[in-house]
1. Looking at B:SER150, B:SER83, B:SER101, B:SER71, which one is without any contact (Cβ under 8 Å) to a residue 12 or more places away in the chain and among the hydroxyl-bearing types (Ser, Thr, Tyr)?
2. Within the range B:229-279, which residues are closer than 22 Å to B:PHE31 by Cα and hydroxyl-bearing (Ser, Thr, Tyr)?
3. Give the number of residues within the range B:75-92 that are surrounded by 15 or more Cβ atoms within 10 Å (Cβ to Cβ) and either within 10 Å of chain A (Cβ to nearest Cβ) or closer than 21 Å to B:GLU177 by Cβ (or both).
4. Being part of a helix (DSSP H, G or I) and more than 16 Å from ligand 1 (Cβ to nearest atom), is that true of even one residue in the range B:59-80?
5. Taking A:VAL134 and the conditions (1) of a type in the set (Val, Ile, Thr); (2) over 30 Å from B:HIS60 (Cβ atoms); (3) crowded, with 18+ Cβ neighbours inside 10 Å, which numbered condition does it fall short on, given that it satisfies the others?
6. For the range B:167-181: of the residues being within 12 Å of chain A (Cβ to nearest Cβ) and over 13 Å from the mean Cα position of the chain (by Cα), which is nearest to ligand 2 (Cβ to nearest atom)?
7. Test B:GLY70 against the stated conditions and say whether it is open to solvent by 50 Å² or more (accessible area, probe 1.4 Å), more than 14 Å from every other protein chain (Cβ to nearest Cβ) and of a type in the set (Gly, Ala, Ser).
8. Checking A:VAL105 against (1) more than 10 Å from chain B (Cβ to nearest Cβ); (2) within 24 Å of A:PRO222 (Cβ to Cβ); (3) of a type in the set (Val, Ile, Thr): exactly one of these is not met. Which one?
Amino acid sequence: MNANLRRNWLLQGVVSLGECGLFFVAVAGAVPKSLRYWRELCRQVWFVGAMSLVIVMTCGLFVGMVLALQLFNTLSIFGATSELGTAVALSLFRELGPVVTALLVAGRAGTAVTAEIGLMRATDQLDAMSMMAVDPLAYVAAPRFLAGIIAMPLLACVFNAMGIFGGHLVGVTWLGLDNGTFWGNMTSTVMLQRDILDGVYKSIVFGGVVSLIAVFQGYTAPPTSEGVAYSTTRTVVFSSIVILAFDFVMTAFMT
Amino acid sequence: MNPGVAQPESSAAALVQVRGLHTRIGAKTIFDGLDLDVPRGSVTAIMGPSGTGKTTLLRHLTGQLRPDTGSVRVDGEEVTKLSRRDLFALRERIGFLFQNSALLTDFSVFENIAFPLRQHAKLPEELLRDIVLTKLQAVGLRGAAQLMPSELSGGMARRVALARAIVFDPMLILYDEPFVGLDPIALNQVLRLIRTLNHTLGITSILVAHELAAIQKVADRVYLIANGKLVAQGAPDELARQDSPWTRQFFGGEADGPVPFHYPAPDYATELGFREAHR
Ligand SMILES: Nc1ncnc2c1ncn2[C@@H]1O[C@H](COP(=O)(O)OP(=O)(O)O)[C@@H](O)[C@H]1O
Ligand SMILES: [Mg+2]
């Protein structure tokens, strides 16, 4: 790759970042108007939630199970297996719940949103709306953006619950830890403010980021089939990078 | 200015008046001083090679896109200077038929037509239903009210889109290539609707189309646009008889002419290696 092209590529990246920022301002500005379309918002929350629920529950179960298995081995070195419930719960609430849920939602609901909006653009539905004097930013973009913010923490909670259930399944039912110790140590150590709410804040931010990227990619997708396909891919790639980067930054500030 | 073309005479009866329109998109000049009048109550056809800017012109008329310079007046209002609110108010009086119908895929035919009503008028459900069914009856698709857009044929989708475009009883309808992809039967149905809407309701119509036979049946006046300018205008059969390079190519069906058959390319003999390239 020659220097010129690389600079172009970098320039392109900066330009898209700026466009995405402006798009965020435009969508945020359209949010008050979009509250008129609260039905559409409910539909989108239901859509994102229902679409991702099965995959989030399944993955939560397996993540909790594998977490218990791994942590059991580590904790038994120190003779601290009684803290297995605490360790599983903390890993889930603080880190894995928000992050893995966000990655799953980006792959499942984010791509669907991008493809849907991209097709609406390609088939002139967005233009048709503005011709009918309905602002597509308020009717299409803002409800989907808000839906991500609302649905993500709820899905993360489901993920965590399934994860703890999976951890319990492995730790207590399979490896034979004491049920009372598992729950007792967990509930006495995990703090609402420090552990659970921090995770929820992360989820809210991730929800906003994922849905903003998904809506932006759909909105700006070239109106062709390759264009829409390429934009859906970019939704997953960009979301994943941004989720993990934000996760690091937010964790650094929270601890 | 093209010498063979008379300028449209200014008249108070013009519903749409375009003056000195200049537009560039990227590096490409789309309009280079376009003037155009559409009289009230008329059907005006706009023709021109693909990519000339016919769709862009319609987007100028509705303020979806602003020209670089020039004036666009619709019903006496300067579209280029309207605020967003006034623009939306103007759009409620303009119906727009998109090239690919642009029905909302999530909604049934009925809800598609009800959509603008629900957004802008707080009507009792009973009245709303009556209006929607009246519009569907007008396009002959009352029986299809509960179908989804994916279940419609191209011609039916076009007619549903037309019903949606007239739901507010507009003063002006813009048709963007309404006949493309229709079989002859569907084409004639849409054609009949355009004529009926114009004759019985007096709706002014602007029709972007390539189908000469259809245009001759319905249009009062034809504007031929090419290279950002008006190159010919007149009544359809008058234009077909006019003898200029543009009309000859457009109406005479010649493959080569002002719009070249060959995409710009280096010299053929040189490219085949028969002749040394000039330095
Ligand atoms: N959003 C856009 N971005 C870039 N180019 C565009 C855009 N819209 C239109 N154009 C260009 O403007 C020209 C006119 O387009 P259009 O009005 O759709 O032509 P027509 O409808 O006459 O076929 C085309 O060459 C097209 O490439
Ligand atoms: Mg076009």
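1. B:SER83
2. Within the range B:229-279, B:SER244, B:THR247, B:TYR263 meet the criteria.
3. Counting residues in the range B:75-92 that are surrounded by 15 or more Cβ atoms within 10 Å (Cβ to Cβ) and either within 10 Å of chain A (Cβ to nearest Cβ) or closer than 21 Å to B:GLU177 by Cβ (or both) gives 5.
4. yes
5. Answer for A:VAL134: the failing condition is (2).
6. Applying the filter and picking the extreme gives B:PRO170.
7. In short, no.
8. Against the list (1) more than 10 Å from chain B (Cβ to nearest Cβ); (2) within 24 Å of A:PRO222 (Cβ to Cβ); (3) of a type in the set (Val, Ile, Thr), A:VAL105 comes up short only on (2).
The values are calculated or read from the model by the stated rules, or taken from the named source; none is laboratory data. This structure is a prediction, so every number in the text was calculated from the model and none was measured. Note: ideal-geometry Cβ built from the backbone for every residue, glycine included; neighbour counts use all protein chains shown. To get the accessible areas, we keep the full protein, side chains included, count just its heavy atoms, and leave off ligands, DNA and RNA. Shrake-Rupley method; radii C 1.70, N 1.55, O 1.52, S 1.80 Å.
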